[in-house]
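Step one of this worksheet: look at the structure below.
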Amino acid sequence: LLGKLCAAILYCVVFGWLFNIFTLCASTDPLIEAQPMEVYNQTSAVLSCKLTHPPSTVKGYYWMRNGKVIESSKHNSPTLYTEHTGYLLVFVFSFSLANIDSHSGGLYECVFLSEPEVKTTIEVKTAPHVSAYKHSEHGNEKDKGVLVCVSYGYPLPTDWKWYKLEGEDKTAITNGTDRYEIKSTPNRTTLTIDDLDITMDIGDYICYGTSEVGSTSDKVHLRVRSRLAALWPFLGVVAEVIILVSIIFIYEKRRKPDEINDGK
């Protein structure tokens, strides 16, 4: 049987199937190939898997993304494309990504339904998507200001940077200097500004997330209010009450002499 298998492999090589002759002749383990093994910053792609010498009958297949089954990719064996090459039966199936963006990047797995299952992984890498948690933030003078940006996609950023816009220029903000503190994880970065100043800190801030694929950014506008600003609504109510009481007092003052004259 092994001699027939090796002869079949030689037959396959002659007709263009580039298998590892020595590995297959020495072992009957299934051989699964992914094409391509990695998708790097592309707008579209076709993911393909090829299984040679399955461990048992292949009943179907499906695809997974980041550990979750893609329901629309589930198929039974009659839909598999098979190739008979000498003594070998090759199973091939594909998955099309027509519009790749940060939402569709990740780890894709093709799974053949055999006993045991046979699967392999394809990485789909995209530039990170960076977005401000809130595009407009408010803070009171002398309080802390907190600006947040988040990211998703695959791979996530490995480096975050913050800048403050000064007219046409931007000034880099260094963690731990002056009143600034920056805390970052791969999918989130937070800039904290202590002791907010109404003249110095108001303006636009930019967060940059950088991964091995590229960099993207977003902008946050910070508004700083005077500490007295919170008192204005209260003072407005007090003023309205004073005016109302004054009107009532003046009205009563004028009404009383008229009532005395009418009594005479």
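Annotations
- Tally of residues being modelled with pLDDT under 85 and either under 25 Å from LYS142 (Cα atoms) or open to solvent by 100 Å² or more (accessible area, probe 1.4 Å) (or both) across region 219-260: 17
- Test: residue in region 127-141 that is more than 28 Å from ILE193 (Cβ to Cβ) and modelled with pLDDT under 95: yes
- Close pairs (7 angstrom Cβ cut-off, 6 or more residues apart or separate chains): on the phi > 0 side of the Ramachandran plot in region 80-101, at pLDDT below 55 anywhere: GLY86/ALA8; GLY86/TYR11; GLY86/CYS12
- Once region 99-117 is narrowed to residues that are of a type in the set (S, T, N, Q) and within 21 Å of TYR152 (Cβ to Cβ), the residue that is most open to solvent (accessible area, probe 1.4 Å) is ASN99.
- 1 or more residues of a type outside the set (A, V, I, L, M, F, W, C) and more than 13 Å from ILE206 (Cα to Cα): qualifying strands (runs of 3 or more DSSP E) within region 130-190: 136-140, 145-152, 159-166, 180-185
- Sole exception among (1) farther than 13 Å from SER94 by Cα; (2) of a type in the set (D, E, K, R); (3) at pLDDT below 95 for GLU38, by number: (3)
- Selection status of THR120, among the polar types (S, T, N, Q), assigned by the TED database to the domain that holds VAL58 and either open to solvent by 30 Å² or more (accessible area, probe 1.4 Å) or touching a Pro at 6+ places or on another chain (Cβ under 9 Å) (or both): yes
- Any hit, region 225-236, residues being under 16 Å from the mean Cα position of the chain (by Cα) and under 25 Å from TYR133 (Cβ atoms): no
- Here LEU196 qualifies as buried (at least 16 other Cβ atoms within 10 Å of the Cβ) and of a type outside the set (Ser, Thr, Tyr).
- In region 63-84, the residues that are open to solvent by 80 Å² or more (accessible area, probe 1.4 Å) and at pLDDT 85 or above: ASN66, LYS68, GLU71, SER72, LYS74
- Filter result for LYS134 (among the basic types (Lys, Arg), out of contact with any strand residue (DSSP E or B) (no Cβ under 8 Å at 6 or more places or on another chain) and touching a residue at least 12 places away in the same chain (Cβ under 8 Å)): no
The values are calculated or read from the model by the stated rules, or taken from the named source; none is laboratory data. Only a predicted model underlies this, so the values are computations on that prediction, with no experimental measurement involved. Cβ atoms come from the backbone with ideal geometry, glycine included; neighbour counts cover every protein chain shown. Just the protein is used for accessible areas: all its heavy atoms, side chains included, with ligands, DNA and RNA removed. Shrake-Rupley method; radii C 1.70, N 1.55, O 1.52, S 1.80 Å.
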